[in-house]
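Student: Sending over a structure as structure tokens; questions will come in a sec.
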Amino acid sequence: MIKGFYIDNFKSLVDFRLPPKPHQLGSFTCLVGLNGAGKSTVLQAFDFVGHLANGQVGTWLKQREWKASDLTSRFLKKKLIQFELEVTVPDGTLIVWSGSFNTTEMRCTAETVVVNSEGDEQVLHIKDGQLLVSGTDSKPSVQYPIRSMKYEGSTLSFIDVRDVHPALGVLKHVAANLRSLDLLSPQSMRRRAKEGTDIGYGGERLGAFIHGLPLKEKTALTEALKKFYPKVAELSTTALRAGWKDLRVVEQYESASLSRLESDARQVNDGLLRVLAVLSQVSVSDGSGHAVQPNGLGQSCVLFDEIENGINPELMQKLVELLLGAERQVIVTTHSPLVLNYLPDEVAKEAVLLVYRNNAGHTKVTRLFDLPSTQKKLALLGPGEVFVDTNLEALPAEAMLLDLISPAS
């Protein structure tokens, strides 16, 4: 599970830490704030670091129609993006991956992985043009002459994790499987696709992804969807000519002349498609169609932008309960007080984070219910009611004042 995230010089994120110290991320996190505060940028930053780990930064930029120069902050004149990701495993071991990504060279020119179990142990670092990687009990440490090597993103992208310290395998799996679905759209989800190892940023490979699921996982996904749409009887997928995959939703109506009503994805309502996309990431294996690994190490983090979009308010309670109980770590953004209202108070205190811009224009974050004004209201109102009853435009000043009084340690 990801416990902390730091990034500097990524778009509006300057010296940005999530959550603010001394707090740690839990299994569910909800980001709120005004338009333009930087909520989506936070999700994009996670996605960026994930693509460093799998060595696909160029492809990632192309998919988003960005250039490398779009990544760095306009407030700074630096080409290096610094980051740090803190990951814990079930036995309590902390893995800290930090590095500096050079937007000109398109790779990390500095990188370190430290394991803190019984004391800090450096298992990966770059020094004098050499990558030094700790081995296993039976295999020696490995050196790579990275100056002469061609690679993109992080050195994790080319390391064979079977031959090195086990913490690197865990880290690579968690980081490389980070999924930010900040571009989900019904139009994309209605498209046919040929291959689907994941559902795609916009959900454009949803049908192909479902087609590739084992029968057990596909059945589990259908059953999960029935909790939201009881008339759904089956998710039907077929392979067409040239490898295209077709997704159809079969509904069962007792009184209809045709008891089974089959609709292709182009005719299915937006809300059902969006719920299906969310379920495919939190109800099936590790969200990428792969079986969950032992000890829960197969679980990574999935991020959704404006989770409430296109979904009927009547379904919101079920959706929030699903996200709270998911096996995967989940981070969402929302503008909906309904999402907050279905959070227990104790969860809301820990999980709801206010994203805002400070006077310098940098994106910052604080726990919403740590602010004196919202904390007082929460004693009388539900989290969503506090959200509605609060002037969000006034909160950044309160957050900055609180930061001055009790700065993060």
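Student: Only one residue in A265, A242 is touching a residue at least 40 places away in the same chain (Cβ under 8 Å) and on the phi > 0 side of the Ramachandran plot, so which one is that?
Tutor: Of the residues listed, the single one that is touching a residue at least 40 places away in the same chain (Cβ under 8 Å) and on the phi > 0 side of the Ramachandran plot is A242.
Student: Can you find a residue that is touching a helix residue (DSSP H, G or I) at 6+ places or on another chain (Cβ under 8 Å), surrounded by fewer than 21 Cβ atoms within 10 Å (Cβ to Cβ) and in contact (Cβ under 8 Å) with a residue 60 or more places away in the chain anywhere in the stretch 161-172?
Tutor: The answer is yes; a qualifying residue exists.
Student: Mind listing whichever residues of the stretch 18-71 are β-branched (V, I, T) and closer than 26 Å to L353 by Cα?
Tutor: Selection gives T29, V32, T41, V42, V49.
Student: Have a look at K67, K77 and point out the one that is in the same structural domain as I159 (by TED's automatic domain parsing) and either at pLDDT below 95 or among the acidic types (D, E) (or both).
Tutor: After applying the criteria, what remains is K77.
Student: Out of everything in the stretch 147-160 that is outside any loop (DSSP other than H, G, I, E, B) and more than 23 Å from the chain's Cα centre (by Cα), what residue ends up being surrounded by the fewest Cβ atoms within 10 Å (Cβ to Cβ)?
Tutor: Per the stated criteria, the residue is S148.
Student: Here's another thing I want to ask about it. From the list D198, D128, which one is of a type outside the set (K, R) and in the same structural domain as Y6 (by TED's automatic domain parsing)?
Tutor: Of the residues listed, the single one that is of a type outside the set (K, R) and in the same structural domain as Y6 (by TED's automatic domain parsing) is D128.
Student: Here's another thing I want to ask about it. Restricting to the stretch 50-72, count the residues that are in contact (Cβ under 8 Å) with a residue 40 or more places away in the chain, crowded, with 18+ Cβ neighbours inside 10 Å and in contact with a Gly (Cβ under 9 Å, 6 or more places away or on another chain).
Tutor: 6
Student: Considering each of S288, S280, S300 in turn, give the residue that is closer than 17 Å to E195 by Cα, within 24 Å of the chain's Cα centre (by Cα), modelled with pLDDT under 90 and buried (at least 17 other Cβ atoms within 10 Å of the Cβ).
Tutor: Result of the check over S288, S280, S300: S288.
Student: Can you go through T222, T238 and tell me which one is in a helix (DSSP H, G or I) and closer than 24 Å to E251 by Cα?
Tutor: Answer to the check: T222.
Student: Would you mention how many residues in the stretch 371-391 are exposed (fewer than 15 other Cβ atoms within 10 Å of the Cβ) and within 17 Å of L338 (Cβ to Cβ)?
Tutor: The qualifying residues number 2.
Student: Right, P186: over 25 Å from G58 (Cβ atoms), in contact with a Leu (Cβ under 7 Å, 6 or more places away or on another chain) and surrounded by 15 or more Cβ atoms within 10 Å (Cβ to Cβ) or not?
Tutor: yes
Student: Could you list all residues from the stretch 199-216 that are buried (at least 18 other Cβ atoms within 10 Å of the Cβ) and not in a loop (DSSP other than H, G, I, E, B)?
Tutor: Residues satisfying the conditions are L206, G207, A208, F209, I210, H211.
Student: Another question, then. Looking at the stretch 91-118, which of its residues are assigned to a loop (DSSP other than H, G, I, E, B) and more than 24 Å from L25 (Cβ to Cβ)?
Tutor: T103, T104, E105, M106
Student: Hey, L401 hits all of (1) modelled with pLDDT under 95; (2) under 22 Å from I7 (Cα atoms) but one; which does it fall short on?
Tutor: (2)
Student: Another one. Evaluate the following for A193: is it modelled with pLDDT under 95, among the aliphatic types (A, V, I, L, M), over 24 Å from K318 (Cα atoms) and outside the structural domain of H125 (by TED's automatic domain parsing)?
Tutor: Spelling it out, A193 is indeed modelled with pLDDT under 95, among the aliphatic types (A, V, I, L, M), over 24 Å from K318 (Cα atoms) and outside the structural domain of H125 (by TED's automatic domain parsing).
Student: Taking A239 as meeting all but one of (1) among the hydrophobic types (A, V, I, L, M, F, W, C); (2) modelled with pLDDT of 90 or more; (3) surrounded by 15 or more Cβ atoms within 10 Å (Cβ to Cβ), write down the number of the exception.
Tutor: In the conditions (1) among the hydrophobic types (A, V, I, L, M, F, W, C); (2) modelled with pLDDT of 90 or more; (3) surrounded by 15 or more Cβ atoms within 10 Å (Cβ to Cβ), A239 misses (3) alone.
Student: How many of the residues making up the stretch 347-406 are β-branched (V, I, T) and under 24 Å from the mean Cα position of the chain (by Cα)?
Tutor: Count: 6.
Student: When you scan the stretch 128-138, do you find a residue that is farther than 20 Å from I2 by Cα, touching a Lys or Arg at 6+ places or on another chain (Cβ under 7 Å) and among the small types (G, A, S), even just one?
Tutor: Yes, because at least one residue in the stretch 128-138 is farther than 20 Å from I2 by Cα, touching a Lys or Arg at 6+ places or on another chain (Cβ under 7 Å) and among the small types (G, A, S).
The values are calculated or read from the model by the stated rules, or taken from the named source; none is laboratory data. Bear in mind that the values here come from a model prediction, so they are computed numbers and not experimental data. A quick note on method: Cβ atoms are made from the backbone with ideal geometry, for glycine too, and the neighbour counts reach across all protein chains shown.
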